[in-house]
Amino acid sequence: QVQLVESGGGLVQAGGSLTLSCAASGSIISIKRMGWYCQAPGNQRRLVARITKDGDTDYLDSVKGRFTISRDNANNTATLQMNSLKPEDTAVYYCNAAIRRTTSFFFDDYWGQGTQVTVSS
């Protein structure tokens, strides 16, 4: 069994900061990439940021320069530091990871339960 547990969402005023954390646990051999997706009401889920095991990162254009993703490979955790938050950043944020379990030869996608981020104007 593999679990992704998120924490750190909440309500913040525009211009403020939040830090989201994601911890993967279970029978894990390797995690290829970890990332954060967001989904606002009526919209599709979309990639916000992701990071490979080697530290290569990708960001949604609208968050570049404001959000930073980092990862602790030893502890199977990822963190999304969100600065200069805007009302349009309001969404449910989901942690995602490509994980190889001890009972598998392949990497499978796993998702956290989601954490709400609300930015007030």
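Numbers below:
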read-out: Note, ³J(HN,Hα) from phi for region 29-34, Karplus 6.51, -1.76, 1.60, rounded to Hz, x at Gly and Pro; value: 8, 7, 10, 6, 8, 9
read-out: Histogram of C-alpha separations across region 73-120, 10 Å bin width, %; value: 20, 41, 26, 12, 2
read-out: Accessible-area order (highest first, 1.4 angstrom probe) of the listed residues Glu88, Glu6; value: Glu88, Glu6
read-out: Solvent accessible area, Å² - Lys86, 1.4 Å probe, full protein context; value: 80
read-out: Choice from Tyr37, Tyr110, Tyr93 showing the highest fluctuation, given a GNM over the chain with Cα pairs closer than 10 Å; value: Tyr110
read-out: Arg71, Arg50, ranked by accessible area, largest first (probe 1.4 Å); value: Arg50, Arg71
read-out: Rg [Å, one decimal], Dmax [Å, integer] - the chain, C-alpha atoms; value: 14.1, 48
read-out: Accessible surface of Cys38 - all protein chains present, 1.4 Å probe, nearest 10 Å²; value: 10
read-out: Net charge contributed by nearby residues that have their C-beta within less than 15 Å of Tyr93 (K/R +1, D/E -1); value: +2
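The values are calculated or read from the model by the stated rules, or taken from the named source; none is laboratory data. Quick caveat: nothing in here was measured; it's all calculated off a predicted structure. All Cβ positions, even for glycine, are placed from backbone atoms using ideal geometry, and neighbour counts span all protein chains on display. Only protein heavy atoms, including side chains, enter the accessible area calculation; ligands, DNA and RNA are left aside. Shrake-Rupley method; radii C 1.70, N 1.55, O 1.52, S 1.80 Å.
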